[in-house]
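Q: Here it is, the structure, as structure tokens.
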Amino acid sequence: MRVRGHSRRWISIAALTCYKPGHRSRLIYRPRRDDGPRDGRKSFSWRDYRDLLIAAHQQLGGPIVLIWDNLNVHKAAGLREFAASRDWLTIYYLPPYAADLNPVEGIWSLLRRAWLSNVAFSTPEHLVQRIRRGLRHIQYRNDLIDGCLAETGLTIRPA
């Protein structure tokens, strides 16, 4: 069996679980592949998150109340300025070290346990294909997305 060496490629994924009373739950995600020194970043920048939020706003067609963890890029000055200039976007932050309150952590758990486990990836494209397939499957199963919210113990109440 041939075993290849370490890869310098990096794959990041940003996702939003979207909940609205009386509507089906949604999952909106964006993968980012880093194959080399394109812009010097291996992960999402605040601009990538801004673009994801703009796409989510267009897809959902209404105001967004965003609840985020304390990742440093989520609190970047550029992203804060962007949010302050948009009346359709309100951001709240989870307490530090509160992964159990984040429904997206449940999405990652589902993805790792079902679509990424027990697979020997032959190429980065193979990995990206499996990630997309798993996330697409989760997107069409809003009961899975609802289950990720239920696991946190949080509830959605209309204002």
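The values are calculated or read from the model by the stated rules, or taken from the named source; none is laboratory data. Fair warning: this is a prediction, and the values are worked out from it, not measured in the lab. Here Cβ is always computed from backbone atoms with ideal geometry, including for glycine, and neighbour counts include all displayed protein chains. Protein only, heavy atoms only, side chains kept; ligands, DNA and RNA dropped before computing areas. Shrake-Rupley method; radii C 1.70, N 1.55, O 1.52, S 1.80 Å.
Q: Kindly report, to the nearest 10 Å², the accessible surface of V128 as traced by a 1.4 Å probe over protein heavy atoms only.
A: Taking all protein chains as shown, V128 has close to 30 Å².
Q: Using 0.36 nm per residue, how much length does the chain from R26 to N142 gain when fully extended, once their Cα-Cα distance is taken away? Kindly include the intermediate steps, with their values, before the conclusion.
A: Values: separation 116, 0.36 × 116 = 41.76 nm, distance 0.67 nm.
Here the segment from R26 to N142 would lengthen by 41.1 nm.
Q: Using amide H atoms built 1.01 Å from N in the peptide plane, name the residues 5+ places from I67, or on other chains, whose amide H lies under 5 Å from its own.
A: Y92
Q: Further question on the same structure: For the chain, calculate the relative contact order in percent as a whole number, restricting contacts to Cα pairs under 8 Å that are 6 or more residues apart.
A: On the way: 171 pairs, mean separation 36.4, N = 159.
Relative contact order for the chain comes out at 23 percent.
Q: Okay, next question. Between [x] 20.9, 92; [y] 16.2, 58; [z] 16.9, 59, which entry matches Rg and Dmax of the Cα atoms in Å as derived from the coordinates of this structure?
A: Step by step, Rg and Dmax of the Cα atoms in Å for this structure corresponds to label [z].
Q: Turning to a different aspect of this structure: May I ask you to derive the relative contact order of the range 106-159, considering only C-alpha pairs under 8 Å and at least 6 residues apart, and to give it as an integer percent? Intermediate results must be reported in sequence, preceding the final value.
A: Working: 20 pairs, mean separation 20.6, N = 54.
Across the range 106-159, relative contact order equals 38 percent.
Q: Right, here's the next one. Want the number for L101 to S117: 0.36 nm per residue separation, take away the alpha-carbon distance, what's left?
A: Values: separation 16, 0.36 × 16 = 5.76 nm, distance 2.42 nm.
Extending this stretch completely gives an extra 3.3 nm.
Q: For the range 75-159, build the convex hull from the C-alpha positions and give me its volume per residue in Å³. Write out the running numbers ahead of the final one.
A: Values: hull volume 13.9 nm³, N = 85.
Given the Cα convex hull of the range 75-159, per-residue volume reads 163 Å³.
Q: Positive end of the charge dipole of the range 36-96 (Lys, Arg +1 and Asp, Glu -1 on Cβ, about the Cα centre): tell me which of L79, A55, F44 has its Cα farthest that way.
A: Of the options given, the answer is F44.
Q: About the Cα centre of the chain, how large is the charge dipole given +1 on each Lys and Arg Cβ and -1 on each Asp and Glu Cβ? Please answer in debye to the nearest 20.
A: Numbers: 26 positive and 14 negative charges, 133 e Å.
In total the dipole reaches around 640 debye.
Q: Among DSSP beta bridges lying fully in the chain, give the percent that are antiparallel, nearest 5. List each step's numbers first, then the result.
A: Details: 9 of 14 bridges.
Percentage antiparallel, nearest 5: 65.
Q: Under the Karplus relation 6.51 cos²θ - 1.76 cosθ + 1.60, θ = phi - 60°, what is the ordered set of whole-Hz ³J(HN,Hα) values for the range 134-139, x standing for Gly and Pro?
A: Result, rounded to whole Hz: x, 5, 4, 4, 5, 4.
Q: At a Förster distance of 35 Å, what's the computed FRET efficiency of S12 paired with R157, Cβ-Cβ distance as r, to 0.05?
A: On the way: r = 33 Å, r/R0 = 0.93.
Efficiency, from the Cβ-Cβ distance: 0.60.
Q: Report the label-to-label distance for V128 and I64 in nanometres (one decimal), using points 7 Å from each Cα along the Cα→Cβ vector.
A: Going from the V128 label point to the I64 one covers 2.3 nm.
Q: I've got another one for you. Would you please give the residues with an amide H less than 5 Å from that of L89, counting only those at least 5 places away or on a separate chain, with H modeled from the backbone geometry?
A: For L89, the qualifying residues are I64.
Q: How much FRET efficiency would the formula 1/(1 + (r/R0)^6) give for A83 and S43, where r is the Cβ-Cβ distance and R0 is 22 Å, rounded to 0.05?
A: Working: r = 20 Å, r/R0 = 0.90.
After rounding to 0.05, the efficiency reads 0.65.
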